[in-house]
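Every read-out reported here was derived from the displayed coordinates using simple, explicitly stated rules and does not represent laboratory data. Worth saying up front: this structure is predicted, and the values here are computed from it rather than measured. FYI the Cβ positions are ideal-geometry reconstructions off the backbone, even for glycines, and counts take in every protein chain you see.
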Amino acid sequence: MLNVEEFVCPELRLAMCHVKESVRIILHSLVVCRSIGGHQPIDPKAVTSELFDIDYMRTDEADFAQDLEQTVEQFSGIFENNLSRAGRAQLIFSFYTTKSRKQSIWNIVVGSDEKVVFEQWRVPVTVQPLRRFPNPADNLREEANLQASASQQVQQALHYVIARANAKVDHLPPPPQTQASYKFEVSFASGDGKGLGTGATILPQGLTSSLSQTMRHIPYIA
């Protein structure tokens, strides 16, 4: 895409039980990084992860948190319903503005506003199989190792998000005049970049899932 600042987070290789919390932490941290300096900035709070030894910032705005949680559930559902190829998928988080299209009869179909994406984040995830052993102590050790590995990977991803978000601000458009913040949309893709749908549906190749509930979102950084 032209004029889009694109970021690819380090790949996360996780046990299925760690996917939701890992994605939750990254999305909340990304949103907070992109919500400083807006007309009506969100009120983030420091929380400790329920699974990992990680403190991070998240919004306490109810509807905002609900939108992010829905994204977390949908992305986890791709793996739970075996929609990904080889246990690999990407979460694609795009910030955009809108502009009016030229007058045309086709606007009845496509709408009068054109979506202009200016920043996109990809979070690649690969689910690791959980090995089981006859000895319960070995199972506990395996689970502890996977959790420690997931915690370290998420910490690295957080460092990447925070560093990149703080370093790259020149491409951000002016804040909208009629609303408090930017809009964003979320889509999912397989490991090779082809679009995925939710539930038991896989979209045709080349299409990106419109799990995009267009959410009201991210304020401008001055």
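Straight-distance candidates among the lysines for linking to Lys168, with alpha-carbon spacing under 29 Å and chain neighbours fewer than 8 residues away dropped: Lys20, Lys45, Lys99, Lys115, Lys183, Lys194. Residue by residue, the stretch 138-147 carries 3J(HN,Hα) couplings of 5, 5, 5, 5, 4, 5, 5, 5, 5, 5 Hz when phi is fed to the Karplus relation 6.51 cos²θ - 1.76 cosθ + 1.60 (θ = phi - 60°); x denotes Gly or Pro. In this rough spin-label picture, where each label sits 7 Å from Cα along the Cβ direction, the Ala167-Glu143 distance is 3.9 nm.
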